[in-house]
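Data first, discussion second: the structure below is written as C-alpha cells.
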Amino acid sequence: MKDVLTLTEAEAAAELQYLAEEMEKSDIAYYQNDEPYLTDSQYDALKLRNLQIEARFPHLIRADSPSHRVGTKINTDFGKVTHRFPMLSLGDIFSVEELDSFIMGVKRFLNTAEDIPFMSEPKIDGLSFSARYENGIFVQGATRGDGTTGEDITANLKTIRQLPLVIKGKVPEILEIRGEVYMSKQDFLDLNEKNAAEGKKTFANPRNAAAGSLRQLDSRITAERKLSIFAYTWGEVSERMWDSQEDFFNHLKEWGFPVNPNNKLCHTLKEIEQSFTHLAEIRSSLPYDIDGMVYKVNSIALQERLGFLTRTPRWAIAHKFPAEKAITTIQNIRIQVGRTGALTPVADLEPVNVGGVIVSHATLHNEDEIKRKDIRIGDSVIIQRAGDVIPQVVEVLKNKRPSDSQEFIFPTICPECGAHAIREEDEAVRRCTGGLTCPAQAIERIKHFVSREAFDIEGLGSKIVEEFYQEGILQSPPDIFSLEKRNVDGDLFSHQSCAGLHLESRDGWGKKSVEKLFNAINNKRTIDLPRFIYALGIRQVGTATARLIAKNYISFQAFMQDMVNKETLKLVEIDGIGANMATDIVEFFQEEHNIITINRLLKEIAVEDFVDTTNYDSPIAGKTIVFTGTLEKMTRSEAKAKALSLGAKVSGSVSKNTDYVVQGADAGSKAAKAAELGVKILTEEDFLSLIS
Ligand code: IVH
C-alpha cells in the first residue's frame, strides 16, 4: 500500500471511494445480515487509512465517508427542525372488537363491502426519527418532537450504521425516510451491565436507553451505543415512486434501509388477526421490544381518500398488546432497608421471561399488601410488567400453594442492623430505628446525597458508594469532600492508614478517573439552597418541598436556626407543608448526628442563598400541575423544574384541586383519575404551547 504522503489527488479520491464502499459493504454484512466478513482489526485498519487520507485531502471527504459515523460534540442545545410534513401519531385500539369496528369504519368511509388489503407491521417500541435525503445524500436528521417541530439529530443519526449516508440507484430528489430508532434487548442488557460496573446510570428499559443515547449532545457517545433502526414511512418526497405500502417497502430495501421482516400484507380481517396473534406469540423471542401492531391501508390512493382526523390518519391504527404477565414462583421474600429506614419487602422470583425481559424480582410494597394478598414464600404468582414500573405481583394462585406453606411474618427487627423496627400509628411502613448506625440507612443516605437532583456527583454510582462504605472510605456525606486530601495524606483519625487511599490504584481505576471524580466533587463545593436541603434526605422532603422551604427561608442558617428551635408552626404556615411533614423536618434537626453531619458539611462547602427567579406572570402561575406518563421532549424533572420556575405548583397526585394533568405516553391511573374528576388533561405539546 502506498504511503499516504505520496498519494496523488486522483489516487486519494479513488481510494476514498473504495474505502467508503468497502466499509459500507462490511457494515451491511455486520449490522443487517449478521454475517461479518472483516475482523475488527481489519475494519479498524480501513478506518484509520480513510482518516489519514481525509486528513491530507479534506476537500475530498465524501458524503458517504465512514468518518461521519464517529460523532462529534456540540456545545449548545439541539437545533430545531420544522417538519415539512408533520410526524403524526396513531390512534390506539386494544381488542379484536375494536379492530373489527376500525376496519368496518374504513369500509364505510370508502363505501365498499369488499375486503381492503392492510399492511400489518410490528409496532417497534423506540423513538421515531426522520431522515432527509437530497439527491440521495443524507442531509438532516430529526426527532419527532411535538410532531411539528423536532430536534436536529443529524450528527447522532449518522453514527447509526444501518442508516445509509448515501442512497444508490433511482431516488427522488427530495426524500424523507421515517422510522424508529431502537436498542436491541441484548445491547440494552450489555449497556446496563457495563454502566453498572462503572457505577453509571442504568436504564429502565431499551426504549429509555435508546432515547438517552440518541439525545446526546456529544454524538461520540451515541456512536458508542449500539442503536438500530427500522424504516416504515416517509415525509416529504419530490416524486412518489410507489403506490402502496408494500411497494414502498420494496424501495426501502433496494435503497438499503432495514425493513422489519415481520411486516405482512393481509387481505382479510382474519389474516390481520392472525398476524396479531402470531406476533404476540413470538414477541418475547424477538430481539427488540414491540408494544403492539400497526395496520395501514396498503393502497396509497385509498389512504389519500381516507385522509386524517385531527392528529391521526384514518387509514392506520395501532393495536396494543395487553400488559405483559407471566406466572412464576416466589423463592424468597427479602426486606430492603431504605434511606429513611423504611423496610420494603421484595420478592425474589424464579427468573421468568416477561415480554423479552427477564424478571427476577417484584416489589411487594409493604406489610399490609403482603397480608391483604396473603403472599407467601413458595407461592405461584401472576406477575405483571407495564412500562417502566417495577414488576408487581397481581395475584397469588392459591390452588397451587404447597401444603406446608406458612404465612409470612413481617420482621420487627431490622435485618441490616438488628435495631427495632417500629410502625407508627396510621403509617403503612415499618421503620428501622437504628438511624445512621444502620449500614443500609447510611449507604442509602450517601447515595441520595450524590444523586442527580441533590449534589449530582458523577462518578459516585451506587456500586462505588457501597464499596467505599464497606471499606470505611465513606461513612457519611461530608467524607466525600475530604476524599482528595485523604487520597494522598491518609487520615490519622480513622482506621485508614496514613499512607493515603490511592484510589488510582484500585482495580479498573486510574489517574484519569480519579482526577475526574475529584473534579466532579470540587465542582459541587458551592450548591444552591434547594438542592442542599433536598440532599440532606429529610423524610418526606422531596425537591418541591425543598424549594418551598428555600423560598421561605432564603438562607440555610435561618432555616436551621428555626428547626433547631422547634419552630414547627412557622413551617406549617408555608403553603404546601402540612403538620405531619413539619414534624418530620423538625425531628430531623433534633438528632445530634444530623447536626454534626451538617456542621461538617458546612466546613467543606458553601450553600448559596435562594434567589427567586420564578415568573409570576406566566399562564401557569399559581396553578397545580400533575405530570404523568413518559414525556418525550423533556424528562419529568425538567418539566417539573420548568413548571416551578413559572410559578406553578407540582403535585404527585391528582385531586379536585389539580388544575392540569400533563399526560405523556403510557400514562396510567392518574390520567384515569383526572378524567373522572373532570380535571383538564394536556398533552405534552399542549403544555409546551401553553407555556411558550
Ligand atoms: S407509522 C402516520 N409504523 O408508533 C403514521 N409507526 O403512535 C405514523 N411506530 O410515532 C407512524 N412502529 O414512533 C408507524 N411500523 C410502524 C411503527 C410506528 C412504531 C411508532 C412511531 C409513532 C407511533 C405511533
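Applying the criteria of a DSSP loop state and at most 13 other Cβ atoms within 10 Å to the GluC sites (Glu not before Pro) of region 553-616 yields E573, E591.
If I take every Cα pair under 8 Å that is 6 or more residues apart in region 611-686, average their sequence separation and divide by the length, what percent do I get for the relative contact order?
Numbers: 135 pairs, mean separation 26.3, N = 76.
Reported relative contact order: 35 percent.
Potential lengthening of the chain between S669 and D686 amounts to 4.1 nm, from the contour at 0.36 nm per residue minus the alpha-carbon distance. Taking Lys and Arg as +1 and Asp and Glu as -1, the other residues whose beta-carbon sits under 12 Å from that of D190 total +1. Shown in residue order for region 239-254 are the 3J(HN,Hα) couplings computed by the Karplus curve 6.51 cos²θ - 1.76 cosθ + 1.60 at θ = phi - 60°: 8, 7, 9, 9, 10, 8, 4, 4, 4, 4, 4, 5, 4, 4, 5, 4 Hz (x for Gly and Pro). Quick check: at a probe of 1.4 Å, how many percent of the accessible area of region 78-178 sits on carbon and sulfur atoms? Answer for region 78-178: carbon and sulfur cover 51 percent of the accessible area. A dipole drawn for the chain from +1 and -1 charges on Cβ atoms has a positive end, and of L19, V541, S555 the residue lying farthest that way is S555.
Can you tell me the accessible area per residue over the chain, all protein chains present, probe 1.4 angstrom, in square angstrom?
49 Å²
Taking only the alpha carbons of region 543-657, we obtain Rg and Dmax values of 16.1, 46 Å in that order. Overall size of region 191-344 from C-alpha positions, given as principal axis extents largest first: 64, 41, 31 Å.
Using the Cβ-Cβ distance between A558 and E369 with R0 = 51 Å, the FRET efficiency computed as 1/(1 + (r/R0)^6) comes to roughly 0.80. Here region 217-239 is scanned for amide nitrogen atoms under 16 Å from the site 7 Å beyond the Cα of K516 along Cα-to-Cβ, giving 217-225.
So between E467 and R56, what do we pick up on full extension, going 0.36 nm a residue minus the alpha carbon distance? Intermediate values should be presented prior to the final figure.
On the way: separation 411, 0.36 × 411 = 147.96 nm, distance 4.88 nm.
My answer for the length gained is 143.1 nm.
Our Cα-only numbers for region 68-216 put the radius of gyration and Dmax at 19.1, 61 Å.
Taking a ≥ b ≥ c as the square roots of the eigenvalues of the Cα gyration tensor, an a/c ratio of 1.5 or more together with a/b no larger than b/c marks region 118-173 as oblate.
If Rh is defined by the Kirkwood formula over all Cα pairs and Rg also comes from Cα, what ratio Rg/Rh do you get for region 258-321? The partial results should precede the final answer.
Numbers: Rg = 13.1 Å, Rh = 13.1 Å.
My calculation puts Rg/Rh at 1.00.
What dipole magnitude, in Debye to the nearest 20, does region 57-167 give about its Cα centre under +1 on Lys/Arg Cβ and -1 on Asp/Glu Cβ?
Working: 12 positive and 14 negative charges, 151 e Å.
That gives a dipole near 720 debye.
Within the assembled protein chains, the solvent-accessible surface assigned to W315 is about 40 Å², based on a 1.4 Å probe. Sparse packing (at most 13 other Cβ atoms within 10 Å of the Cβ) combined with a DSSP loop state is found for the following GluC sites (Glu not before Pro) in region 418-524: E424, E425, E427, E471. Counting only the Cα atoms, region 410-557 fills a convex hull of 145 Å³ per residue. In terms of overall dimensions, the C-alpha atoms belonging to region 23-81 reach 39, 29, 18 Å along their principal axes, ordered largest to smallest. Using Cβ point charges alone (K and R +1, D and E -1), the dipole size of region 537-592 about the Cα centre works out to roughly 200 debye.
The C-alpha radius of gyration of region 622-692, expressed as a fraction of 2.2 N^0.38 Å, stands at 0.97.
My understanding is that a pair violates if its Cα-Cα distance is over 26 Å; which of K194/K511; K123/K185; K603/K642; K123/K270 do that in this structure? Each step should come with its number before you reach the end.
On the way: K194/K511 20 Å; K123/K185 15 Å; K603/K642 32 Å; K123/K270 19 Å.
The pairs that break the limit, which is 26 Å between Cα atoms, are K603/K642.
State the antiparallel share, in %, of DSSP beta bridges confined to region 568-692, rounding to the nearest 5.
Values: 1 of 12 bridges.
Among the beta bridges of region 568-692, antiparallel pairing accounts for roughly 10 percent.
Mean residue ellipticity at 222 nm, helices only, the chain: -10500 deg cm²/dmol; runs of at least 4 DSSP H residues each add -39,500 (n - 2.57), and the sum is divided by the number of residues. Relative contact order, whole percent, for region 214-365 stands at 16, derived from Cα pairs under 8 Å and 6 or more residues apart. Can you tally the net charge around E685? Count Lys and Arg as +1, Asp and Glu as -1, for every other residue whose Cβ sits under 10 Å from the Cβ of E685. Counting the neighbours of E685, the net charge comes to -2. Spin-label model, Q274 to L110: label points 7 Å out along the Cα-to-beta-carbon direction sit 2.0 nm apart. Within region 135-181, which GluC sites (Glu not before Pro) sit in a loop by DSSP and count at most 15 neighbouring Cβ atoms inside 10 Å? For GluC sites (Glu not before Pro) across region 135-181 that sit outside H, G, I, E and B with at most 15 neighbouring Cβ atoms in 10 Å, the list reads E173.
Per the 1.4 Å probe, what fraction of the accessible area of region 1-62, in percent, lies on carbon and sulfur atoms? The nonpolar share, carbon plus sulfur, comes to 55 percent.
Considering only protein heavy atoms and a 1.4 Å probe, what is the carbon-and-sulfur percentage of the accessible area of region 328-410? Reported share for carbon and sulfur atoms: 47 percent.
One quarter of the convex hull surface, Cα atoms only: what value does that give for the chain in nm²? Let's see the in-between values first.
Working: hull surface 147.7 nm².
Projected area, direction-averaged: 36.9 nm².
Comparing Q331, Q392, A301 along the charge dipole axis of region 260-415, the residue lying farthest to the positive side is A301, per the Cβ-charge model.
Say the cut-off is 27 Å between C-alpha atoms; which of K226/K640; K200/K226; K570/K680; K73/K516 go over it? Mind dumping the intermediate values first?
Numbers: K226/K640 31 Å; K200/K226 17 Å; K570/K680 34 Å; K73/K516 19 Å.
Going by Cα-Cα distance, K226/K640; K570/K680 fall outside the 27 Å limit.
In this rough spin-label picture, where each label sits 7 Å from Cα along the Cβ direction, the I28-V488 distance is 5.8 nm. Rounded to the nearest whole angstrom, the semi-axes of the ellipsoid equivalent to region 202-290, taken from the Cα gyration tensor as √(5λ), stand at 28, 22, 10, largest first.
The values are calculated or read from the model by the stated rules, or taken from the named source; none is laboratory data. Because the structure is predicted, anything quoted here is derived from the model rather than measured. Backbone-built Cβ (ideal geometry, glycine too); neighbour counts: all protein chains shown. Side chains included, ligands, DNA and RNA excluded: accessible areas come from the protein's heavy atoms. Shrake-Rupley method; radii C 1.70, N 1.55, O 1.52, S 1.80 Å.
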